[in-house]
C-alpha cells in the first residue's frame, strides 16, 4: 500500500508522451491574435507540429519556418531569420507578433537570435514606420524539457517582450489556465462572468473551434491581443491554474510589476474547482453566485449515480501533461476510481516534490505508482503484465494502441485527442468538465462491458 | 506570360519562377517551373524535412523493423501517428517509435553511448524483433555522432540482429526529397545482395515506390498472385527488412513512385542489370497499361488480358457510374509531387475531371516535365506553393474539390471547398481498379456533400451561393 515515485530507467524512449519544446512554444504562439510564430530550424519542426494541431482541433493554424538548409547549418542561419521576419511582415500586413522559436539545430549552431532580432527591428522600423511588430526571442532547444516547458517558455518570452511597462491598475484579473482546450477557456470565461470578475484568459483559444460561415471568412486564431498582454501588468492579480504551464509568467509579472501571483490546484474535479472559485472570490471580494452552486450540484448529482455503483475500486492508469495527470488523479479519487499509475513524460525534477503528489501519497490505501520521465512503453508493459491490473486508461490519442490491442477501455483526454470527434469543444476543467469526464468514463466502461459481454446485463436496468 | 507572379507574391518576386500557367501551344520545352530549390524563409511553405523523407515515408513503413531515431524526442513523436500504412502483422510499424531522447548533456558530450544503450534496450524489450534502422537528426548530425560505428558495435555484440543507418538530418537538402535519396542509395550500397531468395515462380519482380497507403500494396498483391508473379521485395509497402536485402534476385523492377524510389531502381539496373519499368498504379487506363507491360515482359500476355477482363467486368460499371456524375468537376491537387502526374490524366480520362491547379512540395524538374506534358492548358503548375498563393489560386480557378493533406483540408473547408486526403486517402486504397473506384466514390461524396449547400446559405437572407446538386 502506498505511493511509489520512480523514474524511467531506460535511456531510450519507446513511444513518447510529449513532443519537444518548440512544439509547445508554437502552441503558445498561436494563441495570440495577429501572430505567426517563426520556427528557426528544419522544416519538419514546423510542418509536423502544424499537422498535430490540425489533427487535434480539425483546424489550420499558421506557423512559419526559416527553412534551415545545409548551408545555414554550416555558416549560420542569420539571413534566414531576417528574411523570414521581413517576408512575414510584408505579406501579412496585420501581423503584430512574431515569436522566433529556436530548435535543437539552431541552438547547437548558436545563431544569435537577439542580435538578429535587433537587426530585424531596425529594418521593420525603416520599412514600416507607423507599425509595431513585436519580434520575440524564444529559446526552446528540443534537447531540454518538453512541449510542456516550451509552452511555458514561449508564453513568458512573449510577455517579457510585449508587457514591458507597468500600466495603471485596471482591477482586472490575469488567468493562466495552461495548455487547455477551447472548451475549458469557454468554461473559465463563463465562471468569470458568473462571478462578475473582469478577467483575461491567457491564451484565449476559444476560436480554436471556429465556424464555417456563409461569407467564407476564417476566424481560426487566438483572441489574446497585444493590448491584453500589455494590460496584464496593471492587473490586480494573476491566477495560474497550471503549475508547469503558465505559472512562470504569473511569477514574472509578480517579480517585475508586483502583480500578486496565485498558483492554485488545477481545477480538475469538484474539490479543485471549489478551491479555484474560492480563491477567485477571496482575491476579488466577489461572492460565488447561486448559479455556480447549482452547476456544482448538477455535476455532483450526475457523478453520484456513477461513483459507488460503477467506478469504485476500478484501477486507472493516467498519462499526459503533468498538471492534467495530477488533477485527474485527484478527480478519480473523488469518484472512487483508484488511480494506480500516473505517467509524467519528461525529466522535470520538480514533479517528485509536487505538493499535490505528496498529498496523494498520504491519502491512498492502494498501490499507486508515479513514473517520471515516462514513455508509453511504461504503460504498455504494465497493461500487458498479468500481475498488474488496470481497468481503465485515461490519456491522449498517442496511447490508443495500448488500449485497443489489450482490450482495456480508454478515455481520451488531454492533447492530442485526434482519434475522437469534438473533444476540444468539451470542458475538462470545472464542474461541467468533471461531469463530462465522469460520463465519458461511464459510457466507455459500458461500451466495453457490452462489446466484451462482461455483465452487460447489469445495464438491463439502471 | 506563362510564368505567373501572383499578387500575394509581389514582395517575393522570385516566386514567379515557380508558378506556371500552361497555355495552348506550349510545353515544358518552353517553360518549366524552378523546383527542388531552397525554400524562401517565412513563406508558410508546406515542405517537410529530409529526415521525414527517409523515416516517415520509406523506412518507417517496414513491418518488422525498429525505427531508432537518434535525437531529441520531437523527431520521433512527430513521425508517429501521421501516416496510414497498415501491415498484415498488426501494424507494428504504426504502433511504435523509438528515440534516444537526447538531452543537453548528450549534445555537449556526445550521444553515441546513449544510442548504443538505446539500441540494446530496444532489442531487449522486444526480443522477437531483430532488425533496426538508425536515423540521425539535426543535432546529432551537427555534433558528429558516428552512428555507423555504434551500429557495427551493436551488431558485433548481437550476431542475430541487423542494423541499417540513415544519415540524413532534417536540414539536408531542401525538402523531404533528399531523405528519399539518402535512404535509397544507402540501402542499395549497404544491404542489397546480402541474402538469397527462395524463388517460387518463373516470374519475379520487385515492386518499388508504393507504401501500402490505405492498403494499396495489399490490393495490388492480389493481381500479382493471380498472374503468378513472385514479388521478391516491396519497397516498402507492407515490406520486410530482409526481403529488401534480396532485391537483386528479381528479374524486373516495377516502379510506381519514381520520385521517392527511382534511385534504387536505377542502381539495381546499374549494379545488377535488372531492367526498370515505370508504371502508374492509379487509374484504369494506366493500371491496365502497367499490367500489360509487366505481362509482356514475362510473356504472359494472356494471363494479363484475362485478369484485366475480370477486373474491368467487376469495376468498370461502377467507375462509369461515377464518371457520369463527376464529369466537368474541377479538381486541384496539392500533394508531394508524383501524384500530380499520376493523377492529372487518369482523372481526366477515367472520370472526366478537369485538374485546374496543382502544387508540388518536393517534385523535381522531371516531375514537372511529366505533369506539364500530361496536364491541361489553363492549369496552374506550382512548385512549393504557400498558403497565400493557395488562396489566390483558389480564387482564380475555383476548384470543386482539392486533393491535399488534412491540415490544408481544414483550411479550405472554411471556403466551402471539400477536400479529399491526397496523402493518406479518405477511404483507400486508391491504387488498382477497385482503388480508383474508391477514389471516384470519395470525390463524388465530397463534391456532393449536402452540408456545403447549407454552409453557403445565409439564414438571415436565405440566399445561397450555388453549389453542385447531388446527382440521383
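The values are calculated or read from the model by the stated rules, or taken from the named source; none is laboratory data. Note that this is a predicted model, so its numbers are computed, not measured. All Cβ positions, even for glycine, are placed from backbone atoms using ideal geometry, and neighbour counts span all protein chains on display.
Things to note:
- Apart from one condition, residue A:111 fits all of (1) more than 27 Å from residue A:228 (Cβ to Cβ); (2) more than 21 Å from the chain's Cα centre (by Cα); (3) at the interface with chain B (Cβ under 10 Å from one of its Cβ atoms); the exception is (3).
- Taken together, B:33, B:41, B:13 contain a single residue that is over 20 Å from the mean Cα position of the chain (by Cα), crowded, with 24+ Cβ neighbours inside 10 Å, over 26 Å from residue A:18 (Cβ atoms) and more than 7 Å from chain A (Cβ to nearest Cβ), which is B:33.
- Residue match in region A:13-32 (condition: outside any helix (DSSP H, G or I), farther than 21 Å from residue A:181 by Cβ and more than 7 Å from chain B (Cβ to nearest Cβ)): no
- Odd one out for residue B:274 among (1) under 26 Å from residue B:163 (Cα atoms); (2) assigned to a helix (DSSP H, G or I); (3) in contact with a helix residue (DSSP H, G or I) (Cβ under 8 Å, 6 or more places away or on another chain): (2)
- Residues located in region A:281-299, provided they are surrounded by 15 or more Cβ atoms within 10 Å (Cβ to Cβ) and either without any contact (Cβ under 8 Å) to a residue 60 or more places away in the chain or under 19 Å from residue A:428 (Cα atoms) (or both): A:292, A:295, A:296, A:299
- Remark: residue A:64 matches the filter, which requires a residue to be free of Cβ contacts under 8 Å to residues at least 40 places away in the same chain, at the interface with another protein chain (Cβ under 9 Å from one of its Cβ atoms), over 18 Å from residue A:416 (Cα atoms) and surrounded by 19 or more Cβ atoms within 10 Å (Cβ to Cβ).
- The set of residues from region B:232-251 being surrounded by fewer than 21 Cβ atoms within 10 Å (Cβ to Cβ) and farther than 18 Å from residue B:186 by Cα comprises just one member, B:251.
- With respect to the conditions (1) under 23 Å from residue B:33 (Cβ atoms); (2) buried (at least 20 other Cβ atoms within 10 Å of the Cβ), residue B:421 lacks only one, and its number is (1).
- Cβ-Cβ distances below 7 Å connect no pair with a first residue in region B:47-61 that is within 12 Å of another protein chain (Cβ to nearest Cβ), a second residue that is assigned to a helix (DSSP H, G or I) and modelled with pLDDT under 95, and a separation of six or more residues or different chains.
- Only one entry of B:189, B:206 meets the criterion of being in contact with a helix residue (DSSP H, G or I) (Cβ under 6 Å, 6 or more places away or on another chain) and either farther than 26 Å from residue B:431 by Cα or outside any loop (DSSP other than H, G, I, E, B) (or both), and that entry is B:206.
- Within region B:83-114, being part of a loop (DSSP other than H, G, I, E, B) and within 9 Å of chain A (Cβ to nearest Cβ) holds for B:90, B:91, B:96, B:97, B:100, B:101, B:102, B:103.
- Unique residue being touching a residue at least 24 places away in the same chain (Cβ under 8 Å) and either surrounded by fewer than 24 Cβ atoms within 10 Å (Cβ to Cβ) or more than 7 Å from chain B (Cβ to nearest Cβ) (or both) when the list is A:79, A:55, A:43: A:55
- Residue match in region B:44-62 (condition: surrounded by fewer than 20 Cβ atoms within 10 Å (Cβ to Cβ), assigned to a helix (DSSP H, G or I) and touching a strand residue (DSSP E or B) at 6+ places or on another chain (Cβ under 6 Å)): no
- Evaluation of residue B:386 against (1) surrounded by fewer than 24 Cβ atoms within 10 Å (Cβ to Cβ); (2) within 14 Å of chain A (Cβ to nearest Cβ); (3) touching a strand residue (DSSP E or B) at 6+ places or on another chain (Cβ under 6 Å) (one fails), failing number: (1)
- Qualifying residue in region B:135-157 (condition: over 22 Å from residue A:20 (Cα atoms), in contact with a strand residue (DSSP E or B) (Cβ under 9 Å, 6 or more places away or on another chain) and not in a helix (DSSP H, G or I)): no
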